[in-house]
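Q: Following this message is one structure expressed as structure tokens.
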Amino acid sequence: MQLALTLEKIVKRYGATTALGPIDIDVRQGELLTLLGPSGCGKTTTLHIIAGLTTPTEGRLLLNGRNITALAPPYRDIGLVFQNYALFPHRTIAENVAFGLRMRKVPKAEITVRVRAILNVVGLPNVEERYPNQLSGGQRQRVALARALVIEPSILLLDEPLSNLDALLRKKMRLELREIQQRLGITTVFVTHDQDEAFEMSDRVILMNGGHIEQIGSPEALYDSPQTRFAASFIGEASLTPCTIAQVRGDDVVADLGGGMTIPAKAVRPVDGVGSQALLMARPERVTLSEPNATDALPMTISKRVFQGERILFELTAANGHAFQCSVPSIEKYREMQPGLNVGAVLHECRVIPGA
Amino acid sequence: MSQQSSRAGGLFGAALMSPIGILYLCFLLLPIGFFLSLSFFTYSAQQMYVAEPTLDNYSRLIFDGYYRRIIYDTIRVSLVVTVITLVFGYALAYFLTRVKSTWRGIMMFLIIAPLMTGVIVRTYGWIVLLGTDGLVNAILVWIGIVERPISMLGNEKTVIVALVHIMLPYMVFPIFSSLVAQDPHLVPAASTLGAKPLRTFFEVTLPLSRSGIVMGSVIVFTMTSGSIVTVELLGGRDMTMMGQLIYQLILSTFNWPLGAAVAALLVLCQFIMISYYFRKMRRAY
Amino acid sequence: MRTDPSETQNVVAAARPGRAVEAPKVDLSGLGRVAFGLMITLLYVFLLAPILIVVFASFSPTMSNTYALSQASLHWYREFIGNSSFVSAFKFSLLLALLASFFATIIGLLTSYAIVRFLGRARTIGQSIAMLPMMVPHILISLSLLLLLTRFPLPEMSVLVIGHILICLPFTIAGIMASLEGVDPDIEAAAYTLGANRLRVLWEVTVPLVAPGVLSAAIFAFIISFGDVYIALFISGPGVTTLPVEIFSYVQWESSPVIAAITTVQIVMIILFGLFIERLVGLRSVMRI
């Protein structure tokens, strides 16, 4: 797999405080890589370092093998879409999109052709002569995208581009953005704090926290095998319970939760052996409910019930005091279950995170 | 594409600042420093000054009753003008924050307009207004308070009135800025806590507008203590302030060292005033 | 979403009159309200009376400043136009104010851009330094420049222009800064990443967005320069001087309504300019001391 962009040991310090790093990231040719994390995790700083708007304190940036660490943004060959679009309010849509081409001294005739072509790609024909304030939020977003794409950058950077859209439009734009990205085959780095966006759009996701990378992987890998406590708790819903490893066979382990409660699970990486401490992760949608005395089921009591519409969320408490979340479809069978009821719970596909 | 460092941001900022830097250094700071340093030199009728260090200029200003009187008058008048301007300016600034937004533009314009006409026009306005054939005398005679027009020019009170008029806009706007910058929820918050309106004003609004008060006071004190035109035209023969003294010393008697010493004292007064104000302000937070 | 021009303009004219400015409100009792209202009214009368009386006096048919309105005449305006020294001083002031406001605006634009975008934490210091000429008595600036003239063979006119640039700068910087603060830095960053170098970003993106503020600052600087008396009082030589200095030396000896006529012309000019600024960005934006 060919690399488009490499971040080598990038560090950003402000005075004595380290805001970012050291981090290493490889962006593969043509992929959509997402930087995901809570606010202040360093994802926007990373994006700004790639764009050249922030200078790293340490480290190197290679774009297609060329060291661009010291290169100012105008000379970097990147397209950046801002959260608030940052369209030039005093220029028409055509002029906005043409800006980067003009800076590159592209002949006028060619500019007209390329601007029209890219506006078609983003699905916005016939708006060339309008001004940004005459467009809707979704349309502005497309213009911002077109403006970044028209210069045919080596890499496209998207800084939370969907966060200013309303919920409905946001869902539609996710798919559309991904579709355009794949059609053009453009290497893209996408920044978001929204894991749904990250899952739906990305080839790979980088989970960041506190200026560090927590985990890199496909959306599935991130959801299925979180490597750290933070990754397990930030992505999706999870019940996290401390446990001791009771048996090991390859990556199949048995976790002992105390009080005679043992659960088979898969280790996300090799455990330190029998008796070592670990964290058990159970996803609520992988918990099934049955009769209290059913085989393989753990006896638990419903301690809380939250009706969510299409699903019902139960909180279950085991005899040893541990609590687990359980999310079930909103069907009659489960609707009648109320707090205080004793049930049998089967925790499927649990994961064990060693040492966490 | 040339290789251009992205670290050039600081460099670009420095480049942007360089015109004003050069201008201030060469035509403001260095000349003022040079001028003030003349105060330590000896006066010479032939060549402006002789570079012989001396403190005579200062001792003359401090021990000669004539000069001491002028310095005292300048500080007194400037303080009086600053305080009166502060009270009136605060009222106007407060009014501007409360006036309906449709009227605010015109109300501001009416305060800025006098400022824009310049010192000389406003001083002249007072000459016309208070002259023996002016409107005020005409009204006083018409009402019957006086029988014949009285001379209102040529005294300190008139100078103070005119200076307050001239300085007022400089006080209003810094205070207005500090009032507008306040969190509008503070006053309702104070009142829900049981503070009465006046109490709220003195305990919340006024202390929070201190930065505007300091800024306005410094500007007004500085400009008042350095004023020449208004004092010269309205103050008459008996009244002299430091600005005029410098003017006379340098343009009439060409005594640069003594003129510089007066200017240095003037700057010193302002410095004391500014540092006093800033200390007060720091204590507040 | 600050990308549409109407919104940006509103941000530029941050405290434009006509928009709600939230400020602390203290409710006074009825009597207090009346007293406060009366005080404000009197203050406005106080502020405006000396200006209005000059306009009134300028139409006097005689040497007297008071007259019956039916006798109003343009006598003193004819006198003004016929007086070559006043006319040439007027022209000289116009020229000086044009030059000073032009340079003060350019330098002010560069400085305020640097302060708003590049100074970071040093911003307050930069701002205070920029306001320096406001903190120094103008006679001190003027005398120091006079001293400079006696020591170095500089053209008198250039030093006079520099003196006026100095006194105008605090106003242009404060005014343009107010406009710049309304510009979304991301818009500049967007142009920057699209391949425009910093100068080009300033010229193609920032300047068009703050143009109304810059123009207003220029006009305000023009007015300040036109009305200033202190710089020219020391620096300009006999024969060639500004209108305020000419008026000052005239009024020192006699007061005649011809001065009222001249200053009325000036007042009308200023009111027109002021209203223009008010339409453009709101006077509040230029009066940012």
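The values are calculated or read from the model by the stated rules, or taken from the named source; none is laboratory data. The structure displayed is predicted, hence computed values, not measured ones. Because the Cβ atoms are built from the backbone with ideal geometry, glycine has one as well, and the counts that use them run over all protein chains shown. Heavy atoms of the whole protein, side chains included, go into the accessibility calculation; ligands, DNA and RNA do not. Shrake-Rupley method; radii C 1.70, N 1.55, O 1.52, S 1.80 Å.
Q: For the range C:53-122, just list the percent of Cα-Cα distances falling in each 5 Å bin from zero outward, please.
A: The calculated distribution, bin by bin, is 3, 14, 13, 11, 10, 9, 8, 8, 7, 7, 5, 3, 1.
Q: So which aspartates and glutamates pass the test for residue A:12, namely a Cα distance under 12 Å, with those fewer than 8 places away in the same chain ruled out?
A: Within the straight-line limit of under 12 Å, residue A:12 reaches these aspartates and glutamates: A:58.
Q: Regarding the range A:98-207, what are the three Cα extents along the principal axes, ordered largest first, in Å?
A: Sorted from largest, the Cα extents of the range A:98-207 read 42, 30, 20 Å.
Q: Among C:177, B:255, A:40, whose Cα projects farthest towards the positive end of the dipole of the protein assembly as shown, with charges put on the beta-carbon of Lys, Arg (+1) and Asp, Glu (-1)?
A: So the residue we want is B:255.
Q: Let me ask something else about it. Starting from the Cα of residue A:172, draw a straight line to each of the lysines and keep only those under 28 Å, dropping any in the same chain fewer than 8 residues away.
A: Within reach: A:43.
Q: Please report, to one decimal in angstroms, the Kirkwood hydrodynamic radius of the range C:200-242 built from all distinct Cα-Cα pairs.
A: The Cα-based Kirkwood calculation yields 12.7 Å.
Q: Further, regarding this structure: I'd like to know how the range C:136-175 sits against the 2.2 N^0.38 Å rule of thumb: what's its Cα Rg over that expected value?
A: 1.24
Q: Also, quick follow-up: Do you know the relative contact order of the range A:1-117, to the nearest whole percent, from alpha carbon pairs under 8 angstrom that are 6+ apart?
A: Computed over the range A:1-117, the figure is 22 percent.
Q: Kirkwood Rh over Cα pairs of the range B:31-89 into Stokes-Einstein at 10 °C, 1.306 mPa s: D in µm²/s? List each step's numbers first, then the result.
A: Values: Rh = 13.8 Å.
In µm²/s, the coefficient is 115.
Q: Determine ³J(HN,Hα), in whole Hz, for all residues of the range A:28-34 in sequence, where each value follows from phi through the Karplus function 6.51 cos²θ - 1.76 cosθ + 1.60 and θ = phi - 60°; x replaces Gly and Pro.
A: For the range A:28-34, the Karplus-derived couplings read 7, 4, x, 8, 10, 9, 10 Hz, x marking Gly and Pro.
Q: Same structure again: Which percentage, to the nearest 5, of the DSSP beta bridges contained in the protein assembly as shown is antiparallel?
A: 75 percent
Q: Now, a different point. Taking the Cα centre of the range A:3-229 as the origin, how large is its charge dipole in debye, to the nearest 20, when only Lys and Arg (+1) and Asp and Glu (-1) carry charge on their Cβ atoms?
A: For the range A:3-229, the charge dipole is close to 780 debye.
Q: Evaluated at 20 °C with a viscosity of 1.002 mPa s, what Stokes-Einstein diffusion coefficient in µm²/s does the range A:252-339 have when Rh comes from the Kirkwood expression over alpha-carbon pairs?
A: 149 µm²/s
Q: Once you list every other residue whose beta carbon is under 12 Å from the beta carbon of residue A:191, what net charge do they have if Lys and Arg are +1 and Asp and Glu are -1? All intermediate terms of the calculation are to be shown ahead of the outcome.
A: Working: positive: A:43; negative: A:159, A:160, A:194, A:197.
That sum, taken over residues with Cβ under 12 Å, equals -3.
Q: Quickly estimate the mean residue ellipticity at 222 nm for the protein assembly as shown, helices only: each DSSP H run with n ≥ 4 gives -39500 (n - 2.57), and the total goes over all residues, rounded to 500. Please list the in-between numbers first.
A: Working: 38 runs with 497 residues, N = 930.
After summing the helix terms and dividing by residue count, I get -17000 deg cm²/dmol.
Q: In Å, what Rg and Dmax follow from the Cα atoms of the range B:169-263?
A: 21.0, 66
Q: Here is a further query. Treating only the Cβ of Lys, Arg, Asp and Glu as charged (+1, +1, -1, -1), what charge dipole size does the range A:241-354 show about its Cα centre? Round to the nearest 20 debye. Could you put the intermediate results ahead of the total?
A: Working: 11 positive and 12 negative charges, 43 e Å.
Approximately 200 debye in magnitude.
Q: For the range A:54-149, what is the convex hull (Cα atoms) projected area averaged across all directions, in square nanometres?
A: 7.2 nm²
Q: Under a Cβ-Cβ cut-off of 9 Å, what is the net charge of the residues other than residue A:349 that fall near it, where Lys and Arg count +1 and Asp and Glu count -1?
A: For residues surrounding residue A:349, the net value is +3.
Q: Okay, moving on. Projected area of the protein assembly as shown, taken from the Cα convex hull and averaged over every viewing direction, in nm²?
A: 52.7 nm²
Q: Once amide H atoms are placed 1.01 Å from N in the peptide plane, what residues at a sequence separation of 5 or more from residue A:19, or on another chain, have their amide H within under 5 Å of its amide H?
A: Residues meeting the criterion, in which the H sits 1.01 Å from N, are A:12, A:13, A:14.
Q: While we're here: With unit charges on the beta carbon (Lys/Arg positive, Asp/Glu negative), name the residue among A:53, A:157, A:10 whose Cα is farthest towards the positive pole of the charge dipole of chain A.
A: Going by the charge dipole, the pick is A:53.
Q: In debye, nearest 20, what is the charge dipole magnitude of chain C about its Cα centre with +1 on Lys and Arg Cβ and -1 on Asp and Glu Cβ, if you could check?
A: Values: 16 positive and 15 negative charges, 63 e Å.
Using Cβ point charges on Lys, Arg, Asp and Glu, chain C gives about 300 debye.
Q: Label the range B:65-284 by shape, choosing from rounded, prolate and oblate, from the square roots a ≥ b ≥ c of the eigenvalues of the Cα gyration tensor; if a/c is under 1.5 it is rounded, and otherwise prolate applies when a/b is larger than b/c, oblate when it is not.
A: Oblate is the answer for the range B:65-284, as a/c is 1.5 or above yet b/c matches or exceeds a/b.
Q: Among the aspartates and glutamates, which fall within straight-line cross-link reach of residue B:157, defined as a Cα-Cα distance under 14 Å, with same-chain neighbours fewer than 8 residues apart omitted?
A: Counting by Cα, and skipping residues close in sequence, residue B:157 has these aspartates and glutamates nearby: B:73, B:232, B:238.
Q: With Cβ to Cβ distances under 11 Å as the rule, what net charge do the other residues near residue A:174 carry (K, R +1; D, E -1)?
A: Charge balance in the 11 Å sphere: -2.
Q: Okay, next question. Would you grab the residues whose amide H sits under 5 Å from the one on residue A:4? Only those 5+ places off in sequence or on another chain, please, with H modelled 1.01 Å from N.
A: So residue A:4 has HN proximity to A:27, A:28, A:29.
Q: From zero up to wherever the largest Cα-Cα distance of chain A sits, split into 20 Å bins and tell me the percent of pairs in each.
A: It works out to 26, 45, 25, 4, in whole percents.
Q: Can I ask one more? Starting from the amide H of residue A:215, placed 1.01 Å from N in the peptide plane, find each other amide H under 5 Å away whose residue is 5 or more places distant or on another chain.
A: Under 5 Å from the amide H of residue A:215 lie the amide H atoms of A:207, each far enough along the sequence or on another chain.
Q: To continue, here is another question. Once you compute Rg and the Kirkwood Rh from C-alpha atoms, what is the Rg to Rh ratio for the range C:83-286? Mind showing how you got there, number by number?
A: On the way: Rg = 19.0 Å, Rh = 18.3 Å.
The Rg/Rh ratio comes out at 1.04.
Q: Find the centroid of the Cα atoms in the range A:313-356 and in the range B:97-156, then give the distance between the two in whole Å.
A: 84 Å
Q: Oh, and also: Can you send over the carbon and sulfur percentage of the accessible area for chain A, probe radius 1.4 Å, protein chains only?
A: Numbers: 7550 of 15140 Å².
Carbon and sulfur together cover 50 percent of it.
Q: Below 8 Å between Cα atoms, with a sequence gap of 6+, how large is the relative contact order for chain C in percent?
A: 33 percent
Q: While we're looking at this one, here's another question. Give the Rg/Rh ratio for the range A:85-128, taking Rg as the radius of gyration of the Cα atoms and Rh as the Kirkwood radius, to two decimals. Working shown, then result.
A: On the way: Rg = 10.1 Å, Rh = 10.7 Å.
Reported Rg/Rh (Cα atoms, Kirkwood Rh): 0.95.
Q: Picking from A:301, A:320, A:217, whose Cα lies most toward the positive end of the charge dipole for chain A (charges on Cβ: Lys, Arg +1; Asp, Glu -1)?
A: In chain A, that residue is A:217.
Q: Oh, and also: Can you pull the Rg over Rh of the range B:32-172, Cα-only, Kirkwood?
A: When Rh is taken as the Kirkwood radius, the ratio is 1.13.
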